[in-house]
Amino acid sequence: PGRIPQILRIQDPRWYKMATQKEIPFHERSVGVVALNEQKVQDGYMLMCIGKEQYLLDSQGRRVHEWRSKRVVFSAYLFPDGNLLRDGSDNQFAVAFRQGGAAGYLEVVTWDNEPVWKFSKLSMNVFLTHHDLEIMPNGNVLLMCWERKCKDEALKAGRRPDLIPDNEVWDNLIIELQPDGKGSADIVWQWSLWDHLVQDHDESKSNYAEDVSEHPGCFDINYAPPGGKAGIRNLNYLLGPEKNKERTMLQRGLSGQSVFDYEGTTGEKDWVHANAVSYCPKRGQILVSLNVPCELVIVDHSTTQAESRQRSGGKRGKGGAILWRWGNPQTYRRGDRMDQQLFAQHYPTFIPEGCPGGGNVLVFNNGRSPDRHWTTIDELELPETERWSGDYTLEEGQTFGPLRPVWSYGERQGRQTSFYCTHVSSTQRLPNGNTLVTQGPQGIVFEVTPAKEEVWRYISPCCSDEDAASFTRQGESRSNGRYTLFTCLKYPAAHPAFAGRSLTPGRRLED
């Protein structure tokens, strides 16, 4: 009852009219919005990127607006004036950077998809933007960028020779762009991880320290977990190819969960795989996610360009040094594996001021197979001397706090509300206190209340690759394919980007 026979859907165009005239009950839906509590869900619109399309959907899953790019888009954000910031994949031209999250291009377009300005950091043989973007209150944009360092440069920075298997190592830059009013943008500020390295391998180098643990403001260039990205997502990888295959298949069968089974290398060129950036205007600080070390770091944005390369200067007097770090204190030699709390995390953000938990950090803590085979959404209260001060406490010889999250969602494997995402994915705190969760590999988005009640669930009907997208019709099962969502964001209905605009609901993607 309530379903349209498949043969009618295929052969009779009247199905589209019938489907829109009669709502299919949530419990009979296979894709799109499959659960909705209208009293508790955040009223607003979800921005979702599928291939070269960017869709704005209401809580019923209906299209209210869309944009189209010439490139595949991972991340997109709305400006208060309704303009859209989006990245774009130039991976086919940047053969030196064939890694997950590779972009190379960003642009701002109007509500009607007309170009405003664009940016690409050349040469793509040396630099490539990747993963994430952040709109600042002044209209500037933060972005992430890789910079290739050759083997000789890595050795001069104190890298161990055995940790350069690709004959190069990538630096990670945080770049601030200011529109120039001429259709492009200028770099007005930059921070480089390479300027804040420490090591205890080569005494002849300027960044040598006898005891790395005494320098928590710097990053150990020789911290390289076994197996790189693959190793930190699936410990079975460390057992060797045959054992890895055997254990991975067993774990997948026993748990019913996916297992990351791509290859990796200890010390691989994308050695930290930075994958997210967030800005806190009130503190004037930047949060960066370092995926392979399983760590979050905060750096000061109040520095000048010169001060960002030093250990002094700026509002905190520490230049571009790391002010706070959390997730895996093994990186600065003040803990062991039992102290690790982050596992291959994605999309940490400063919760905006005005939202419940404002000023705290929210992060998608992916987990790993087989020992932490579940995901959690973790909210962290920063260990400041005073709220919003941006000054963080650290006792001598101790690790940075907090000891544990103030709020988490996601139970251990096998329990109700347990879920697991091998990679990508995101989370967002909403103005009403709810939390939006994007299960990236599965192409599923859901919303939970502070009491951990699920009030909305969306199963993407979109299967896409770089050139085309296909859609699963309502009532049908999704076929094999790539339904991955990098991140989805919800904007409240009162967001200024929507002021005076027509947001008439149209057809659903699955119609």
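The values are calculated or read from the model by the stated rules, or taken from the named source; none is laboratory data. The structure presented is a predicted model; accordingly, all values stated were derived computationally and were not measured. Cβ sites come from the backbone with ideal geometry, for glycine too, and all protein chains shown count toward neighbours. To get the accessible areas, we keep the full protein, side chains included, count just its heavy atoms, and leave off ligands, DNA and RNA. Shrake-Rupley method; radii C 1.70, N 1.55, O 1.52, S 1.80 Å.
Normalised by 2.2 N^0.38 Å, with N the number of residues, the alpha-carbon radius of gyration of segment 121-191 equals 1.35. Tally Lys/Arg at +1 and Asp/Glu at -1 over every other residue whose Cβ is under 10 Å from the Cβ of ARG62; what's the total? With Lys, Arg at +1 and Asp, Glu at -1, the net is +1. Remark: segment 51-139 projects, on average over all directions, an area of 6.5 nm² (convex hull of Cα atoms). Placing unit charges on each Cβ (+1 for Lys and Arg, -1 for Asp and Glu) gives segment 274-348 a dipole about its Cα centre, and among SER302, ALA274, PRO348 the Cα reaching farthest toward its positive end belongs to SER302. Under 17 Å from a point placed 7 Å out from the Cα of GLU353 along the Cα-to-Cβ direction: which residues of segment 384-414 have their backbone N that close? Taking a point 7 Å out along Cα→Cβ of GLU353, the residues of segment 384-414 whose backbone N falls under 17 Å are 384-391. For ILE351, the residues 5 or more places off, or on other chains, whose built amide H falls under 5 Å of its own are GLY359, ASN360, VAL361, LEU362. The slack in the chain from ARG404 to ASP465, taken as 0.36 nm per residue of separation less the alpha-carbon distance, amounts to 18.1 nm. Annotation for segment 407-440 versus segment 310-324: alpha-carbon center distance of 33 Å.
Report the local net charge at GLY104: Lys and Arg +1, Asp and Glu -1, summed over other residues whose C-beta lies under 10 Å from its C-beta. If you can, show how the numbers build up before the last one.
Numbers: positive: ARG71, LYS121; negative: ASP87, ASP90.
Once positives and negatives cancel, what remains is 0.
Accessible surface calculations at 1.4 Å, restricted to protein heavy atoms, place the chain at 42 Å² per residue.
Using heavy atoms of the protein chains and a probe of 1.4 Å, the accessible area assigned to VAL73 is about 10 Å².
Dipole check for the chain: with +1 at the C-beta of Lys and Arg, -1 at the C-beta of Asp and Glu, and the Cα centre as origin, the magnitude is about 1520 Debye. Between the helical axis of 241-255 and the longest alpha-carbon principal axis of the chain there is an angle of about 50 degrees. The calculated 222 nm mean residue ellipticity attributable to helices in the chain amounts to -2000 deg cm²/dmol, summing -39500 (n - 2.57) over DSSP H runs of n ≥ 4 and dividing by all residues. Would you give the gap between the C-alpha center of segment 130-159 and the C-alpha center of segment 454-474, rounded to a whole Å? For segment 130-159 versus segment 454-474, the Cα centre distance is 32 Å. Here the calculated FRET efficiency for LYS245 and ASN125, from their Cβ-Cβ distance with R0 = 45 Å, stands at 0.80, rounded to the nearest 0.05.
State the extension gain, in nm to one decimal, for the chain segment bounded by ARG387 and GLU203, taking 0.36 nm per residue of separation less the distance between their alpha-carbons. Don't skip to the end; give the middle numbers.
On the way: separation 184, 0.36 × 184 = 66.24 nm, distance 4.03 nm.
So the extension gain works out to 62.2 nm.
Annotation for segment 165-260: trypsin sites (Lys or Arg not before Pro) lying in DSSP loop with at most 13 further Cβ atoms inside 10 Å of their Cβ are LYS182.
The 3J(HN,Hα) values that the Karplus relation (6.51, -1.76, 1.60; θ = phi - 60°) gives for segment 56-70 are, in residue order, 10, 10, 7, 5, 8, x, 8, 6, 10, 6, 7, 10, 9, 10, 7 Hz. Gly and Pro appear as x.
Restricting things to alpha carbons, find the Rg to Rh ratio for segment 298-454 using the Kirkwood radius for Rh.
Values: Rg = 16.9 Å, Rh = 16.9 Å.
The Rg/Rh ratio comes out at 1.00.
Working note: Debye formula, equal point scatterers on the alpha-carbon atoms of segment 249-377, no solvent; log10 I(q)/I(0) at q = 0.10, 0.11, 0.21 Å⁻¹ is -0.40, -0.48, -1.29. Measuring only protein heavy atoms, the 1.4 Å probe finds THR484 accessible over about 30 Å². Farthest towards the positive end of the charge dipole of the chain, among the residues GLY320, GLY227, SER69, is the Cα of SER69, using unit charges on the Cβ of Lys, Arg, Asp and Glu. Separation of the alpha carbons by more than 19 angstrom is noted, of LYS52/LYS118; LYS243/LYS269; LYS118/LYS149; LYS182/LYS490; LYS121/LYS229, for LYS243/LYS269; LYS118/LYS149; LYS182/LYS490; LYS121/LYS229. Dividing the C-alpha radius of gyration of segment 161-262 by 2.2 N^0.38 Å, with N its residue count, gives 1.58.
Determine the share of the chain's accessible area contributed by carbon and sulfur atoms, expressed in whole percent, with a 1.4 angstrom probe. Numbers along the way, then the final one.
Working: 10170 of 21400 Å².
Solvent-exposed carbon and sulfur of the chain make up 47 percent of the total.
Of the chain, which part is the longest with no chymotrypsin sites (Phe, Trp or Tyr not before Pro) in a loop (DSSP not H, G, I, E, B) and with at most 15 other C-beta atoms within 10 angstrom? Walk me through the numbers on the way to the answer.
Values: sites that count: PHE93, TYR262, TRP388.
It works out to 94-261.
Along the axis of the charge dipole computed for segment 224-315 (Cβ charges of +1 for Lys and Arg, -1 for Asp and Glu, origin at the Cα centre), the listed residues GLY240, TYR262, PRO293 are led at the positive end by PRO293. Under the simplified labelling scheme, the ASN113-ASN480 pair shows an inter-label distance of 3.3 nm, with each label point 7 Å from Cα along Cα→Cβ. With no solvent and one point on each alpha carbon, what is the Debye value of log10 I(q)/I(0) for the chain at q = 0.07, 0.09, 0.10, 0.11 Å⁻¹? Debye curve over Cα of the chain, log10 I(q)/I(0) at q = 0.07, 0.09, 0.10, 0.11 Å⁻¹: -0.38, -0.64, -0.79, -0.97.
Once both labels are positioned 7 Å from their Cα atoms along Cα-to-Cβ, the gap between LEU394 and ALA306 label points is 2.6 nm.
Of the beta bridges DSSP finds with both residues in the chain, what % are antiparallel, to the nearest 5?
Numbers: 103 of 107 bridges.
So the antiparallel bridges in the chain amount to around 95 percent.
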